[in-house]
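Novice: Provided herewith is a single structure, encoded as structure tokens, for subsequent inquiry.
Throughout, read-outs are computed from the coordinates displayed, never taken from laboratory work. No experiment lies behind these values; they were computed from the predicted model shown. Neighbour counts are summed over all protein chains in view; Cβ atoms, including those assigned to glycine, are modelled from backbone coordinates with ideal geometry.
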């Protein structure tokens, strides 16, 4: 057994999980407030990565930025830009595709959600084509540090340790994602707007009677959820330096699974689910089943739905009779 | 049964559905459509787009989509379940035929038998997927089926030992009907190029496929109508309307939904068998999620719940996709050799999914009953005027 | 097809006939029924019964637990403790080991697959493994198909294995309990007669195969059911049978709900605030209808109602709930005189 590889994979899982968690938050927030699976959410994430690509090519960044001050400034610009643009896209989607159907049968908004997903993908496909696109990795993807865990043996069982590499990109992504999740929790729990969101999620009509502006609150939820997906899009380009027009589908499916696994409607659950799914994915590749990782994730989704449909942290929701 | 019962039955049928002779009208309708289509394409402007044989080949391909749409309509339109992994059952049907009739497996079971086998296998797959998930809320079903639709091609790709992986299985046997060398007079002199009577199934000759798919569609349509008008069809509609109330009327919602799911899947499997026999090849890439979404777009456009409507929707969408956009390219290329003003050179084919997306959103917002709505659905979705009319009637009474 | 023979997942070994305290046969009996939502106890150890041919009302101030109790009786939610007997059979009880059910589906297949794996490690011809894998899959499918087409057998098997699922609403209908809804839940986009036909679902026996082949049996059944549905509509006083339910006037929608519930051929009718939102004239008509139903169909009724005029006017027995507990029970006159009831409704000091 190699403790080094194990640790390395854990770290990789942490990075991927951070991105899944950011996307899963959007699914879970939207589901929590209007009980809609926002199929377009994965594509919002994908568009976020292309927005970053556009930004970098417009300001002429083609390579790693080594000057720390310039790098920090650029990162702030990238995240702010992608998050604001995607947040607005999310609000627009809600305004034009979902809001008019709030009283329609449940099937209707699900179908428009799929339509929006088509539209977003096709716009990117028309603008950028179907090939993988290289996005400049502004943080040097190789920079970092490495360490070695001690090798030891328990009885006859030897544990070796190869070198574990931690790159700054990974550290940055995980720290950023965790910071955003904490900020979100604080926002939802401590501010008036956050309270409005929670009350709308629990009982829309009662919230309305208490003076909560439902339309604004739902729009805000979409803004935050989509902005987080935009942030995940930037993180994706930092980590992989690649993006493609149908990236959002896979990532969206996995993140949704994460949201269900954690308990849909529960923001903490979404984060936990994101990390769990990523670990499962990383370790199944490590064991040589990378081709099956999607099948494994999907099987887990079904098993969760069969045995514990409320997820790890979800509450039992009684159907309104 | 009493005479009164007979009379009330007649009124009931006449008032609500297509009429009493459903099967008859399907057969006649399909026969007329099948007979007319090959001649329409001989007239301009269609004659300029391709040969009659090309068109008939395209029509037999369109038939696959019509079948898929009729099947998905049972799931989405009647029972109100969103199935986004419909292509998975299509793939399962196609691979079943590949096992049943190809040199790869060494079996050669007759096509017509394999149609039933493919449908049955797909129905079982539907059962396996539906049983654990259909007891959950509807939106979970959407995501589970989406995942299933994504996984099935992956499984077919990765199990190279059994499926020949990405290369797929080739040289599937093409069907053979009872030998068509019946003493039918050679009509090709009178009727333009009606190759049907001259050959058997093959790549150069789409006619037998065209006729067979029309026959298969007719049968499937009749079955769909009969199910829709039965106790089971009413249960589906009740579940679509209000699942809890349906359960409180004694409907076992899980088994009823499962039946809708399995029946929809079996139609998809049937279409898969037909398609693989026509193309003589199966490979995992044919069954991506775009197939599922395209069929959904067809059903929504055609008008959910209306069997003729979704069939027409599927046909129109397929023809626009395969012929319309291409011809639009040619047309624009002719008149604007330097590209459209403002837009420049536009390849309309790449906009296909944008159009689907806009169509889905637009239809849901503006015309949720579809392009070819059933009478019932139109009534449902535009109830304001009806309600007013009803009140007037009440006052008068 | 399918749903037939879905006996409610009965817990075996119950008394044959339930005899109430004063000797009259009870149709429905709730025994120590408790329902808690998390820490909140909505219904606490309530005992009550509905006697044959009687109208029993359940009243109490808002939040007393009436609707919760009603939902348990209708199979919408499972009790935390206690049970319900209907016609001497235990139809609702707390579910036990329900999580075992999916394992039961997979277990036979899993065993065969395990065998296949073990055989696989021993290097046998590939065929054997393939056959075993397919056999496992076949077993899995067979189990599921059995559950779908023979729910009766399947449920008995579950009970024998000690798995008690919570009763679903359709199980209760099958057992003979029909219901209406407080906030009308008709199938809005189906016609009046179709609504009633859906109610008759459980009585119709033709399978999907019959429907596909349009067998004489299926045709006859459809004919008869349409005639029967029409008769039921007339019985509750509805004539516009081809109108979409959503376009019917409010009072007619209430009537249609009752016709639809009657179509399930209930042995007990549950009515959830059937006169809510009606004017006094309409209410009177409804009361007449209920009395007629009891008289002509000798159908016992369990009623939740806020309108005291209705409750006092037609009930034989009234059960009063407050804060989830039964505080009084008796004839309208007895209940009206009960100090605890007055206190519950008007507050302490009103006496």
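Novice: So what's the gap between the Cα centers of segment B:249-297 and segment C:59-131, to the nearest angstrom?
Specialist: Cα centroid of segment B:249-297 versus Cα centroid of segment C:59-131: 29 Å apart.
Novice: Still on this structure: Take the Cα coordinates of segment B:240-293, assign each an equal point scatterer, and use the Debye formula without solvent to give log10 I(q)/I(0) at q = 0.22, 0.24, 0.25 Å⁻¹.
Specialist: The Debye formula, applied to the Cα set alone, gives -0.86, -0.95, -0.99.
Novice: Then there is this: Compute the length gained on full extension between residue B:365 and residue B:136: take 0.36 nm times their separation in residues and subtract their Cα-Cα distance, giving the result in nm to one decimal.
Specialist: Once the chain is fully extended between residue B:365 and residue B:136, it gains 79.7 nm.
Novice: When a/c reaches 1.5 or more, the comparison of a/b and b/c decides; with that in mind, is segment B:24-286 rounded, prolate or oblate per its Cα gyration tensor?
Specialist: oblate
Novice: Next question, about the same structure. Quote the Stokes-Einstein diffusion coefficient, in whole µm² s⁻¹, for chain C, based on the Kirkwood radius over alpha carbon pairs, a temperature of 20 °C and a viscosity of 1.002 mPa s.
Specialist: D, rounded to a whole number, is 94 µm²/s.
Novice: Then there's this: Mind pulling the angle between the C-alpha long axis of helix A:107-128 and the longest principal axis of chain A? Nearest 10 degrees, somewhere in 0 to 90.
Specialist: 50
Novice: Output the peptides A:58-68, C:155-165 sorted from most to least packed, where packing is the average of other Cβ atoms within 10 Å over each peptide's residues.
Specialist: Highest mean packing first, the order is C:155-165, A:58-68.
Novice: Please report, in Å, the Rg and the Dmax of segment B:33-176, where both are computed over Cα atoms only.
Specialist: Taking only Cα atoms of segment B:33-176, I get Rg and Dmax of 18.3, 53 Å.
Novice: A follow-up question, please. Nearest 10 degrees is fine. How inclined is helix A:68-93 to the longest principal axis of chain A, computing both from alpha carbons?
Specialist: Tilt relative to chain A: about 30 degrees.
Novice: Sticking with this structure for a sec: What is the extension gain from residue A:179 to residue A:160, computed as 0.36 nm multiplied by their sequence separation minus the C-alpha to C-alpha distance, in nm to one decimal?
Specialist: The residue A:179-residue A:160 span can extend by a further 3.4 nm.
Novice: Round to a whole angstrom and tell me the spacing of the C-alpha centers of segment A:156-233 and segment B:35-105.
Specialist: Each part's Cα centre sits 45 Å from the other's.
Novice: Let me ask you something else. Give me a single rounded figure for A:176-186: the average over its residues of other chain Cβ atoms within 10 Å of their Cβ.
Specialist: Per residue, the average neighbour count from other chains is 0.
Novice: R0 = 22 Å: FRET efficiency of residue B:24 with residue C:203, Cβ-based, nearest 0.05?
Specialist: About 0.15, to the nearest 0.05.
Novice: How large is the translational diffusion coefficient of segment A:165-250 in µm² per second when you combine the Kirkwood radius over alpha carbon pairs with Stokes-Einstein at 20 °C and 1.002 mPa s?
Specialist: 143
Novice: So for each of A:151-164, C:57-70 I average, over its residues, the number of other beta carbons within 10 Å; can you give me the resulting order with the highest mean first?
Specialist: Most protected by this proxy first, the peptides run C:57-70, A:151-164.
Novice: Further question: Rg to Rh for the protein assembly as shown: what is it, with Cα atoms only and Rh by Kirkwood?
Specialist: Ratio value, two decimals: 0.99.
Novice: Can I ask one more? Relative to the first principal axis of the alpha-carbon coordinates of chain C, what is the inclination of helix C:250-263, with its axis defined by its Cα atoms, in degrees from 0 to 90 and to the nearest 10?
Specialist: Rounded to the nearest ten degrees, it is 50.
Novice: Suppose R0 equals 51 Å; then what is the FRET efficiency for residue C:119 and residue A:70 from their Cβ-Cβ distance, rounded to the nearest 0.05?
Specialist: 0.20
Novice: 7 Å from Cα along Cα→Cβ at both residue A:80 and residue C:219: what's the point-to-point distance in nm?
Specialist: 7.8
Novice: A further question follows. Could you state the number of Å between the C-alpha centres of segment A:101-126 and segment B:131-159?
Specialist: Each part's Cα centre sits 20 Å from the other's.
Novice: Oh, and also: Averaged across the residues of C:213-220, what count of C-beta atoms belonging to other chains lies within 10 Å of each residue's C-beta?
Specialist: 2
Novice: Output needed for segment A:1-108: three equivalent-ellipsoid semi-axes, defined as square roots of 5 times the C-alpha gyration tensor eigenvalues, in descending order, whole Å.
Specialist: 32, 23, 10
Novice: Here's a follow-up. How would A:224, A:123 line up from fewest to most surrounding beta-carbon atoms within 10 angstrom?
Specialist: A:123, A:224
Novice: May I have the convex hull volume per residue, in Å³, for the Cα set of chain A?
Specialist: So the per-residue hull volume is 157 Å³.
Novice: Once you sort the root eigenvalues of the Cα gyration tensor of segment C:100-160 as a ≥ b ≥ c, which label holds: rounded (a/c under 1.5), prolate (a/b larger than b/c) or oblate (the other case)?
Specialist: Prolate.
Novice: Can you sort C:149, C:293 so the residue with the fewest Cβ neighbours within 10 Å comes first?
Specialist: C:149, C:293
Novice: Counting other beta carbons within 10 Å of each residue's own, what order do C:272, A:2 fall into, fewest first?
Specialist: In increasing order of surrounding Cβ atoms, one gets A:2, C:272.
Novice: What's the ranking of C:41-50, B:363-372 by average number of surrounding C-beta atoms within 10 Å, highest first?
Specialist: Highest to lowest by the protection proxy: C:41-50, B:363-372.
Novice: Can you give the calculated 222 nm mean residue ellipticity of chain C, where each DSSP H run of n ≥ 4 adds -39,500 (n - 2.57) and the sum is split over every residue, rounded to the nearest 500 deg cm²/dmol?
Specialist: -14000 deg cm²/dmol
Novice: Could I ask something else about it? For peptide A:293-304, what's the mean number of Cβ atoms from other chains within 10 Å of each residue's Cβ?
Specialist: Going residue by residue through A:293-304 and averaging, the value is 4.
Novice: Follow-up question, since we're still on this one. How large is the translational diffusion coefficient of segment A:221-321 in µm² per second when you combine the Kirkwood radius over alpha carbon pairs with Stokes-Einstein at 37 °C and 0.692 mPa s?
Specialist: Once the numbers are plugged in, D ends up at 223 µm²/s.
Novice: For residue A:195 and residue C:334, what is the calculated FRET efficiency with R₀ set at 45 Å and r taken between the beta-carbons, to the nearest 0.05?
Specialist: My answer for the efficiency is 0.35.
Novice: Please state the shape class of segment C:188-265: rounded when a/c is under 1.5, otherwise prolate if a/b exceeds b/c and oblate if not, all from the C-alpha gyration tensor.
Specialist: prolate
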